[in-house]
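Trainee: Okay, handing you the structure first.
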Amino acid sequence: MKQTDQEQQVCDYLKRNPDFFQHHPYVLLELELFSKSQGLPNLALQQLRLLREQNQALKQQLSGMAKIAHSNEQIFKTLSDCQRQIWQASSLNEISKVIQTAFANTPNISATELLFQPEQVTQALNTTLEDKTQYLGRTPKQLDSVWEKAPSTGSVALYQLDDSEAVLAFASDNPAHFCPNNDDLLMQEFLAGLKLRIAALG
């Protein structure tokens, strides 16, 4: 088959399927559409538009990754500083104050409490945690009594500290801040050190 016949078949197919490039936009990125004599045809402009959109999407992705990296860096610094101060504390009351101070100015955290399950909140905590060691999500109504300084809490993170019967609790005004799929690798490392310190003081 001659090249001219193949080209005609391609032309005929594109005429019968004018939306071909809308369904297969990646094909445009592989075509040579520039013409020195005639300038840029419509397809070349479409190719440039796709490249610009692709470039913009990559910029947004990189910006999002940079924000996550910066947030993780700040979390790591806060947890590390708090961990060092916890090991200098000589009582459970001091540990509680250290934790409250460490997270006082953390974005999206409105309150932090180290609860040793006082009688008035024990049932509420047990109902929320059930048989789990942690809970991250919307604030259950039964926990209203826990947050004296955060009445407008939208979401919480609760971490049961094993045999100490203590619960580390965080509150946020943002209902979506704490959720079950949060990456908590740094927090788990922090909790491991906190458990050891509480056990040492006990």
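The values are calculated or read from the model by the stated rules, or taken from the named source; none is laboratory data. All values reported here derive from a predicted model rather than from experimental measurement. Note that we place each Cβ from the backbone using ideal geometry, even for glycine, and neighbour counts take in every protein chain shown. We work out accessible area using only protein heavy atoms, side chains counted, and drop any ligands, DNA or RNA first. Shrake-Rupley method; radii C 1.70, N 1.55, O 1.52, S 1.80 Å.
Trainee: Could you please give the count of residues in the stretch 171-202 that are open to solvent by 50 Å² or more (accessible area, probe 1.4 Å) and not in a helix (DSSP H, G or I)?
Mentor: Going through the stretch 171-202 one residue at a time, the tally reaches 10.
Trainee: Which residues, counting only those in the stretch 151-170, are surrounded by 16 or more Cβ atoms within 10 Å (Cβ to Cβ) and in a helix (DSSP H, G or I)?
Mentor: Hit for the stretch 151-170 is Ser164, nothing else.
Trainee: Looking at the stretch 97-115 only, could you name the residues that are touching a Lys or Arg at 6+ places or on another chain (Cβ under 9 Å) and among the polar types (S, T, N, Q)?
Mentor: Ser110 - this is the single residue of the stretch 97-115 that is touching a Lys or Arg at 6+ places or on another chain (Cβ under 9 Å) and among the polar types (S, T, N, Q).
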